[in-house]
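**Student:** The structure under discussion is supplied below as structure tokens; questions concerning it will follow.
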Amino acid sequence: MGKSKNKKGTVRPLIEQSQLIYFIAASAALTLLPGPDILFVITQSISQGKKAGIATASGLSTGVLAHTTAAAIGVSALIYKSALAFEIVKYAGAVYLLYLAWHALKESEELVSSAPVRETNTFALYRRGIFMNVLNPKVALFFLAFLPQFVNIGSGNVPMQMIFLGIIFMVQAWLIFSAVSVFAGTVGERIIQKPGVGRYINWGKAGIFTFIGIKLALSHK
């Protein structure tokens, strides 16, 4: 665990152990709550398999670093204060999700075939996960509100504490999303064995992306 010096020069843990345990528990509970990210992971895992789900989960988790850094240096606060910045990021995210919905409708049924192994472009899915997370200003504001609750002002170096907490959040989110990917991917492997089900899975995926995109576009601070 990292250490820092306060104003008196006393070396103290960057984050107290009890505070860290509480933070991990709270983070895990929030990660498991039904929301856009976990729905995104489940959708990709069912339609394209465990590997695709884990790649998406990795991208979403990586996006946490961007939001954590933004919160630490005050960019998230700027988004919160600037209505225009918030609207720009929000609508960019909504448009991207609607693009994913359109792309899902165009996918051929062979993409979700009954073959034992489904080919996936893991880097594209990883990148998609990052965009999904970064282009959601609600996530930026969440970290701006959530991380400071676990910061110890007396330990000093507040930005470093926030980044450290963000890394912890990222790791636990990746572990949980990966476990969800394995479970959803296993379920998906059984579902796609039924003839013609691929088209319905793509429709369902498009519907979920559209729902998340519209919800984001209609969201407020």
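The values are calculated or read from the model by the stated rules, or taken from the named source; none is laboratory data. Here the structure is a predicted model, which means the values were calculated and not measured. Note that we place each Cβ from the backbone using ideal geometry, even for glycine, and neighbour counts take in every protein chain shown. SASA here: full protein model, heavy atoms, side chains in, ligands and nucleic acids out. Shrake-Rupley method; radii C 1.70, N 1.55, O 1.52, S 1.80 Å.
**Student:** Give the residue, chosen from Ala124, Ala173, Ala145, that is in a helix (DSSP H, G or I) and open to solvent by less than 20 Å² (accessible area, probe 1.4 Å).
**Tutor:** Ala173
**Student:** Mind counting the residues in region 127-142 that are open to solvent by less than 30 Å² (accessible area, probe 1.4 Å) and outside any loop (DSSP other than H, G, I, E, B)?
**Tutor:** 7
**Student:** Could you list, in sequence order, the residues of region 17-46 that are at pLDDT below 85 and open to solvent by 70 Å² or more (accessible area, probe 1.4 Å)?
**Tutor:** Gln17, Ser18, Leu33, Pro34
**Student:** Please count how many residues of region 98-132 are modelled with pLDDT of 70 or more and in contact with a Phe, Trp or Tyr (Cβ under 9 Å, 6 or more places away or on another chain).
**Tutor:** Within region 98-132, residues that are modelled with pLDDT of 70 or more and in contact with a Phe, Trp or Tyr (Cβ under 9 Å, 6 or more places away or on another chain) number 11.
**Student:** Would you mind finding the one in Phe164, Phe209 that is among the aromatic types (Phe, Trp, Tyr) and at pLDDT 75 or above?
**Tutor:** When all the criteria are applied, what remains is Phe164.
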